[in-house]
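The values are calculated or read from the model by the stated rules, or taken from the named source; none is laboratory data. A quick note: this is a predicted structure, and the numbers were derived from the prediction, not measured. Counting neighbours? That spans all protein chains shown, and the Cβs are built from the backbone with ideal geometry, glycine included.
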Amino acid sequence: MADEGFKRKLTAILSADVEGYSRLMGDDEEATVRTLTAYREVLTTLIKQHNGKVIDSPGDNLLAEFVSVVDAVQCAVAVQKEINARNTELPENRRMQFRIGINLGDVIQEEDRIYGDGVNIAARLEALADPGGICISKTAFDQIETKLPLGYEFLGEQTVKNISKPVGAYRVLMEPRVTVAAVSEEKKAWPVRRKALLAGGIVVVVLAIAAVIWNFYLRPTTPVVEPASLERMAFPLPEKPSIAVLPFDNLSGDPEQDYLADGFTENIITALSKIPEIFVIARKSTFTYKGKPVKIRQVSEELGVRYVLEGSVQKADDRLRITAQLIDALEGHHLWAERYDRELRDLFALQDEITMKILTALEVKLTRGEMAREYETENLEAWGYLVRAFSLWERITKEDNAKARELVEQALKLDPDYTSALVMLGRTHTIAARMGWSESPAESVKQALELAQKAVALRETESSGHRLLAVVYNHQRQHDMAIAEGERAIALGPNDGEAHGLLAYTLLYAGRFEDAIVHIEKAMRLHPHYPVWHLMVLADCYFMAGRYDESIAANKQLLERARRGEFRIYIGHLGLAVNYMLLGREEEARFHAAEALRANPSYSLETLQSRNLYKDPAHAERWLDPLRKAGIPEKQ
């Protein structure tokens with residue numbers, strides 16, 4: 001039956017991404033962004049020249065479609081040759097290589113977007129491609145086999161993630177045609193002799209027995225995983241077992257069901273984060289891989305972990321099918337893989353079951369009853385509202401914050417004692433007060449305090465309520481109480497990257513700058529793809545500690561991310577202005593002060609003083625005097 005409201009079509013899909021993008025960003029964000037911007041222009045130009053159209057280009061990924069497979073493959077070859085030529089001008093450690101996958105498949109078109117297995121297969125083929133290489137599906141190969149003067153290597157039938165049937169894959173050799181792999185040799189005539197027949201019969205029997213033994217006893221039950229390399233780890237491996245939980249894929253075919261897979265993933269991360277004996281990567285870092293065709297080796301090396309959990313969620317009416325597999329990335333094999341068919345009401349119990357299987361596989365001994373917990377809510381509808389609210393709140397805009405508040409209020413109507421919903425509602429109030437979105441900031445902070453106190457009263461052993469209390473107390477300049485609540489939150493959730501970040505924020509304003517640096521660096525390790533405010537805290541801590549060169553480096557990273565739209569650009573300029581002024585580089589300081597005022601013409605020292613949360617007035621003055629000399633006015 002045709003999908004109502006959707007248009008289907010057959011199209012050639014090209015999917016490309018950058019190999020080792022996180023490593024490049026970790027080494028030098030500014031250089032990586034410049035190179036990616038230039039190379040993306042190369043891809044876009046060549047796609048247009050080959051009659052294609054760019055559909056989407058999030059982060060280091062690019063998705064394009066072509067009417068002709070010939071055009072798509074010719075474009076991919078041109079891209080790789082042009083990128084290869086440009087790479088010769090860069091140092092070897094700064095060279096950027098793309099992997100490209102191409103598929104001919106049926107897709108669903110909705111406005112300017114395309115969806116479906118046709119797109120997913122292209123993305124999976126991209127993950128199979130070598131750096132600087134191209135991998136195409138058999139459906140694409142059949143269209144170009146005799147039309148382009150290229151060589152191809154058949155890679156066999158590949159079992160790829162979330163695609164039910166194996167996909168025939170070919171590597172494009174990008175040179176004049178040499179051969180097509182996996183073509184059977186011509187059968188040679190041979191004389192029919194009795195002894196030869198007998199020998200042949202024996203061989204057939206032996207091979208048949210060997211095949212049975214292989215299939216039933218020796219054949220691996222799970223795909224082989226390319227092992228990660230300790231030498232290529234972006235961070236040293238922690239001494240304790242370390243794990244990243246990738247976003248579970250939504251296989252329902254309905255984007256509206258994404259929240260179910262996202263919430264399931266987040267709950268497992270939250271449960272694992274409470275266990276001090278393991279190291280767990282924060283949700284926001286693992287969710288940067290959502291919808292991307294990444295290899296386990298890549299995830300392990302970029303995040304600095306040994307174990308990776310991945311899976312999928314599929315909902316049909318009131319039934320769930322969930323798959324999960326835990327992989328030892330260093331050894332390159334699966335520790336376990338399971339498929340669960342359950343009723344929707346069993347969702348929370350299943351989350352705990354999978355969490356316990358992970359801990360068992362990692363040989364983590366639970367001696368303090370960490371998993372003995374009550375569910376915060378038994379209401380799946382309330383849980384769904386909260387998951388959607390969290391996704392909106394993370395965007396940090398006035399409109400999305402208001403929408404998040406509406407959703408979480410719906411959750412609390414269904415379950416008034418849902419502690420995570422109480423905390424989320426409090427967070428919408430604190431951010432509104434801090435960002436100037438509230439008509440009465442004092443009233444917003446008061447409401448957040450009441451919500452935090454209620455959440456802690458309901459579940460004193462849950463870290464999120466203590467985190468919110470720390471934020472509120474810090475806002476009220478009750479620094480000692482804020483620090484106590486922040487430390488309590490970390491004691492309850494030792495892998496809680498946000499708790500470490502918020503404690504660093506509190507310690508900064510309390511004047512404990514070196515202690516703040518320890519916690520913000522811990523937050524950034526738990527969250528390798530950390531939010532931009534972590535950089536702001538780190539830069540400010542370095543400045544207040546007198547480590548001006550390090551503060552300048554952090555402010556430059558902050559400014560680069562602000563230029564990409566992740567933050568307010570004037571803050572990075574102010575940070576550079578104050579550091580340069582104290583180093584005696586007055587011309588540079590005045591330049592950045594002028595840039596800050598150009599980005600935010602209403603900014604003044606009065607604005608800075610109004611947002612001052614420092615316990616010691618002298619600490620606030622350390623900002624005011626250098627900025628005054630750099631040209632920031634007292635009032636506007």
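For the reader, a short list of remarks on this structure follows.
- Residue match in the range 59-75 (condition: surrounded by fewer than 21 Cβ atoms within 10 Å (Cβ to Cβ) and without any contact (Cβ under 8 Å) to a residue 12 or more places away in the chain): no
- Qualifying residue in the range 241-253 (condition: surrounded by fewer than 21 Cβ atoms within 10 Å (Cβ to Cβ), modelled with pLDDT under 80 and not assigned by TED's automatic domain parsing to the domain that holds S164): yes
- A Cβ distance below 7 Å, combined with a sequence gap of six or more or placement on separate chains, defines the contacts here; from the range 112-134, residues that are assigned by TED's automatic domain parsing to the domain that holds A12 and among the polar types (S, T, N, Q) reach no residue that is crowded, with 23+ Cβ neighbours inside 10 Å and in a helix (DSSP H, G or I).
- Candidates in the range 601-632 are the residues that are surrounded by fewer than 13 Cβ atoms within 10 Å (Cβ to Cβ) and assigned to a loop (DSSP other than H, G, I, E, B); of these, the one that is farthest from the chain's Cα centre (by Cα) is D616.
- Condition check for E338: under 23 Å from D496 (Cα atoms), of a type in the set (D, E) and over 14 Å from the mean Cα position of the chain (by Cα): no
- Consider the range 573-604 and keep the residues that are touching a Phe, Trp or Tyr at 6+ places or on another chain (Cβ under 9 Å) and of a type in the set (K, R). The one that is nearest to I552 (Cα to Cα) is R590.
For (1) outside any loop (DSSP other than H, G, I, E, B); (2) under 29 Å from the mean Cα position of the chain (by Cα); (3) under 19 Å from L62 (Cα atoms); (4) of a type in the set (A, V, I, L, M), each residue gets a yes or a no:
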position	(1), (2), (3), (4)
I114	yes, yes, yes, yes
A127	yes, yes, yes, yes
F154	yes, no, no, no
I163	no, yes, no, yes
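- Complete set of residues in the range 496-525 that are buried (at least 23 other Cβ atoms within 10 Å of the Cβ), closer than 26 Å to I275 by Cβ and hydrophobic (A, V, I, L, M, F, W, C): A499, L502, L503, A504, L507, A516, I520, A523, M524
- Helices (runs of 4 or more DSSP H) (entirely within the range 1-95) containing at least 1 residues that are under 21 Å from P293 (Cβ atoms) and in contact with a Cys (Cβ under 9 Å, 6 or more places away or on another chain): 29-49
Each row is one residue, and each column tells you yes or no for (1) closer than 22 Å to P238 by Cβ; (2) in the same structural domain as I275 (by TED's automatic domain parsing); (3) touching a residue at least 60 places away in the same chain (Cβ under 8 Å); (4) more than 23 Å from the chain's Cα centre (by Cα).
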{"site": "P494", "(1), (2), (3), (4)": "yes, no, yes, no"}
{"site": "Y509", "(1), (2), (3), (4)": "no, no, yes, yes"}
{"site": "I517", "(1), (2), (3), (4)": "yes, no, no, yes"}
{"site": "M524", "(1), (2), (3), (4)": "yes, no, no, no"}
{"site": "A539", "(1), (2), (3), (4)": "no, no, no, yes"}
{"site": "I552", "(1), (2), (3), (4)": "no, no, no, yes"}
{"site": "F567", "(1), (2), (3), (4)": "no, no, no, no"}
{"site": "Y570", "(1), (2), (3), (4)": "no, no, no, yes"}
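- Close pairs from the range 393-411: first free of Cβ contacts under 8 Å to residues at least 40 places away in the same chain and assigned to a loop (DSSP other than H, G, I, E, B), partner surrounded by 13 or more Cβ atoms within 10 Å (Cβ to Cβ) and of a type in the set (A, V, I, L, M), Cβ under 8 Å, at least 6 apart: I396/I431; I396/M435
- So S15, is it surrounded by 21 or more Cβ atoms within 10 Å (Cβ to Cβ), hydroxyl-bearing (S, T, Y) and at pLDDT below 80: no
- A residue that is more than 20 Å from the chain's Cα centre (by Cα), at pLDDT below 85 and among the polar types (S, T, N, Q) occurs somewhere in the range 342-354.
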